[in-house]
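Comments concern the structure below.
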Amino acid sequence: RRGPDLAVVGAGVFGLTVAERCAREFGLRVAVLERRDHIGGNAYSEIEPRTGIEVHRYGSHLFHTSNERVWEYVNRFTAFTGYRHRVMSTCRRRVYPLPVNLGTICGYFGRVFTPDEARALVAGQSAEVRDPANLEEKAISLIGRPLYEAFVRGYTAKQWRTDPRDLPADLITRLPVRYTFDDRYFDDVHEGLPVDGYTAWLTRMADDPRIEVRLGTDFLSVREEWAGRVPIVYSGPLDAYFAYREGELGWRTLDFETEVRPTGDFQGCPVMNYADEDIPYTRIHEFRHLHPERRHYPPDRTVIAREYPRFAGRGDEPYYPVNARRDRARLTAYRRLAKNEPGVLFGGRLGTYKYLDMHMAVAAALTLVDNRLRPHFG
Ligand code: FDA
């Protein structure tokens, strides 16, 4: 029996899309090497055994896209519920809808504003800063000081463990403010959650006799078995591939404190942000609210996860690129190395050092298959 024709490193959304297309479209035998003991990368979810509630182990994952090709593709493997994401924020013992919209503004300033009045209010308050020199000033120039101090300052300080006055202005380009009562979090054409869960969806992508998923396999410890023998698509961390020879790329990570609580409803919504700095976590996820259609969830128990951000060390799960000036210089050096690495294509969130939503990871994988793999295998 012939060995695999292609090795894919990482069984996340990116790696699985590449593997699925290469197996089903080009008939290749694909080995997917995955360091963790489960498929799906950060989109993985599992059933909490005491409650039967589906828990997203790496934080709430909401699927949304306006890309028709991506939507058609993912619907081959799963149907989606009609879930629409909405987020609330607790701030100084009151609760408001996010992103900032007319409901937030009326609630926060304690009176009725028409859309035009609210626009004039925010324009006046944001005129305070002309030439922003740091993140705080940039945020004020976008939404004005009162809304910044309520909804952005504490949250950002906790996210970065840094005073926003010491963070660069270019960390944010926009802060959405809606002058309607529309409180939907995403404005994409398509949105929903996989009807029978993320893991069922992602397992179906790999369910093909030509795809072999090897869990618990760190490519970097077995690379000699693969390098130079078969083409490799690598979606692990870029700096780790090159043994950190240009220095480490900075990442932020999250710690989740997950708990079963003896109530049928802890907070009344799927995600509650905590804007105040004296509360150590940034958000609480309550997973049952992601699937209001699931009638079998228990009436008297629920699962919550408090989220604590921090900078990642080498042993931590890398989640969000820090993307400081130093990282950008290193990234340029790594990109040059990656371009010249024979027989290896780099992709995905970790392999490109770029935060990707799931639909972006699918789109990037389909593009890589079209542009780089089809000419050889198609
Ligand atoms: P991903 O990280 O998922 O997969 C990479 C895989 O490679 C991992 O399984 C890893 O173990 C493996 N790997 C790494 N090094 C390896 C090695 N040396 N050998 C073998 N395997 C190795 N998106 C969205 O659309 N909606 C959302 O709500 C969210 N929410 C969200 C929250 C948080 C906290 C994060 C971090 C991310 C999201 N996302 C998201 C993004 C979503 O998780 C993202 O699309 C995927 O992570 C991208 O898929 P990848 O396959 O590129 O990476």
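Tabulated results
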quantity: Normalised convex hull volume, segment 1-139, alpha-carbon set, Å³ per residue; calculated: 250
quantity: Per-residue [θ]222 nm for the chain (sum of -39500 (n - 2.57) over DSSP H runs n ≥ 4, rounded to 500); calculated: -7500 deg cm²/dmol
quantity: Helix 358-368 vs. the chain, principal-axis angle (Cα, 0 to 90°, nearest 10); calculated: 40
quantity: For Ile53, Ile172, order by how many other beta-carbon atoms lie within 10 Å, fewest first; calculated: Ile172, Ile53
quantity: Coil-residue GluC sites (Glu not before Pro) of segment 252-354, DSSP, other Cβ within 10 Å capped at 16; calculated: Glu277, Glu293
quantity: Cα gyration tensor of segment 195-270 - equivalent ellipsoid semi-axes, whole Å, descending; calculated: 35, 23, 10
quantity: Extreme residue, positive dipole direction of segment 1-118, given options Leu98, Phe14, Tyr83 (C-beta unit charges); calculated: Leu98
quantity: Rh (Kirkwood; distinct C-alpha pairs) - the chain, Å; calculated: 22.6
quantity: Equivalent ellipsoid dimensions for segment 264-330 as semi-axes, Å, which come from the Cα gyration tensor, largest first; calculated: 33, 15, 10
quantity: Around Ala118: net Lys/Arg minus Asp/Glu count, Cβ-Cβ under 11 Å; calculated: +1
quantity: Cα-centred dipole magnitude for the chain, charges only on beta-carbon of K, R (+1) and D, E (-1), debye, nearest 20; calculated: 580
quantity: Rel. contact order, % - alpha carbon contacts under 8 angstrom, at least six apart, the chain; calculated: 26
quantity: Within the chain, percent of DSSP bridges classed antiparallel, to nearest 5; calculated: 65
quantity: Helix 115-126 axis, angle to the chain major axis (alpha carbon atoms, nearest 10°); calculated: 80
quantity: Calculated SAXS-style log₁₀ I(q)/I(0) at q = 0.11, 0.18, 0.19 Å⁻¹ - segment 240-378, Debye, Cα scatterers; calculated: -0.63, -1.07, -1.12
quantity: Distance histogram in 10 Å bins (all Cα pairs of segment 159-242, percent per bin); calculated: 10, 21, 24, 26, 17, 2
quantity: Segment 68-167: mean projected area of Cα convex hull, nm²; calculated: 9.8
quantity: Ascending count of other beta-carbon atoms within 10 Å, so fewest first, for Val362, Val30, Val95; calculated: Val95, Val362, Val30
quantity: Under-5 Å amide H pairs with His38, H placed in peptide plane, nonlocal only; calculated: Gly216
quantity: Under Karplus coefficients 6.51, -1.76 and 1.60, residue-wise ³J(HN,Hα) of segment 303-314 in Hz, glycine/proline x; calculated: 10, 10, 9, 8, 10, 10, x, 7, 6, 8, x, 5
quantity: Alpha carbon Rg of segment 228-289, scaled by the compact-globule rule 2.2 N^0.38 Å; calculated: 1.86
quantity: Separation of alpha-carbon centers, segment 98-143 and segment 14-36, rounded to whole Å; calculated: 47
quantity: For Phe113, Phe63, order by how many other beta-carbon atoms lie within 10 Å, fewest first; calculated: Phe113, Phe63
quantity: ³J(HN,Hα) computed for each position of segment 59-64 - Karplus, 6.51 cos²θ - 1.76 cosθ + 1.60, integer Hz, glycine/proline x; calculated: x, 4, 10, 10, 8, 7
quantity: Angle between the chain longest axis and helix 13-24 axis [Cα atoms, degrees, rounded to 10]; calculated: 40
quantity: Options Gln267, Met205, Ser221, ranked by Cα towards positive dipole end of the chain, top entry (Cβ charges); calculated: Ser221
quantity: Local electrostatic count, Arg50, Cβ distance below 14 Å [Lys/Arg +1, Asp/Glu -1]; calculated: -2
quantity: DSSP loop trypsin sites (Lys or Arg not before Pro) with at most 12 other Cβ within 10 Å excluded, longest remaining stretch of the chain; calculated: 315-378
quantity: 5 angstrom amide H check on Val8, placed H, neighbours 5+ away; calculated: Ala31, Val32, Leu33, Val233
quantity: Vicinal HN-Hα couplings computed from phi for segment 93-103 (Karplus, 6.51 cos²θ - 1.76 cosθ + 1.60; Hz; Gly/Pro x); calculated: 6, 10, 10, 9, x, 10, x, 3, 9, 4, x
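We did not get these values from a lab; they are worked out from the coordinates using the rules stated. All values derive from a computational prediction rather than experimental measurement. Cβ: placed from backbone, ideal geometry, glycine included. Neighbour counts: every protein chain shown.
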